[in-house]
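Worksheet for the structure shown next.
The values are calculated or read from the model by the stated rules, or taken from the named source; none is laboratory data. Predicted, not measured: the structure shown is a model, and the values here were computed from it. Don't worry about glycine lacking a Cβ; one is built from the backbone with ideal geometry, like all the others, and counts go over all protein chains shown. Accessible surface is based on the protein model in full, side chains and every heavy atom, while ligands, DNA and RNA are left aside. Shrake-Rupley method; radii C 1.70, N 1.55, O 1.52, S 1.80 Å.
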Amino acid sequence: MSEFRRRGDRYVVALAPDEVRVLRKVASEVVGLLTDGFDHSDPVVGRLFPEAYPDDAPGAAEFRRYTEGDLKTGKIDQAGAVLAALPEASGEVALDAEAAEAWLRALNDARLAMGVRLEIKDGTDLGAELDVAVAADPSSSRVFQLSVYAYLGYLQESLLNAMID
């Protein structure tokens, strides 16, 4: 797996073709979720846009009315920053500080969305979940999705570590 490194004022990673495909698909799915597929009854949307006032429905609706558009645009722009920086098939990505922060937020949004779909909770042992899924069916979509979830976490952590070094 590729890992971000600091090079001067840039954060650089060399991505293999499979990594580019996964990142392109994940970022595109986030954009789709926030545009065509935006539905407040979807638990993923609820996780990405939690209620500001869970015990005050009118207050929460009013807050959402004033903030949701900007928040949604920001999340779409962050996923777009990932898409814009990706090479065609494989190669190096070099991010400045602003793009690196956008990538961190986009990777976090993608992981939150996947975590909801995969029913990952606080304290979930991802390794154990993956072991169970592999034992049940090594070629299942769950094995692939858990692997992507783990990869996104790894990439996010490597970018964060490069930024704080």
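Side notes on the structure shown:
- The one condition in (1) modelled with pLDDT of 95 or more; (2) assigned to a helix (DSSP H, G or I) that residue 92 fails to fulfil: (2)
- Scan of the range 41-56 for residues that are free of Cβ contacts under 8 Å to residues at least 12 places away in the same chain and either of a type in the set (A, V, I, L, M, F, W, C) or more than 21 Å from residue 105 (Cβ to Cβ) (or both), ordered by number: 41, 53, 54, 55, 56
- So residue 160, is it in contact (Cβ under 8 Å) with a residue 24 or more places away in the chain and surrounded by 14 or more Cβ atoms within 10 Å (Cβ to Cβ): yes
- Of residues in the range 95-111 being open to solvent by 40 Å² or more (accessible area, probe 1.4 Å) and either part of a helix (DSSP H, G or I) or not acidic (Asp, Glu) (or both), the one nearest to residue 142 (Cα to Cα): 111
- All positions within the range 29-54 that are open to solvent by less than 70 Å² (accessible area, probe 1.4 Å) and in a helix (DSSP H, G or I): 30, 31, 32, 33, 34, 44, 45, 46, 48
- Across the range 55-71, a minimum of one residue is classified as over 24 Å from residue 31 (Cβ atoms), out of contact with any Ser or Thr (no Cβ under 9 Å at 6 or more places or on another chain) and not in a helix (DSSP H, G or I).
- Residue satisfying condition, being open to solvent by less than 60 Å² (accessible area, probe 1.4 Å), more than 22 Å from residue 105 (Cβ to Cβ) and in contact with a strand residue (DSSP E or B) (Cβ under 9 Å, 6 or more places away or on another chain), within set 59, 91: 91
- Residue 119 vs. criteria open to solvent by 40 Å² or more (accessible area, probe 1.4 Å) and under 18 Å from the mean Cα position of the chain (by Cα): yes
- Qualifying residue in the range 75-82 (condition: polar (S, T, N, Q), over 21 Å from residue 17 (Cα atoms) and surrounded by 14 or more Cβ atoms within 10 Å (Cβ to Cβ)): yes
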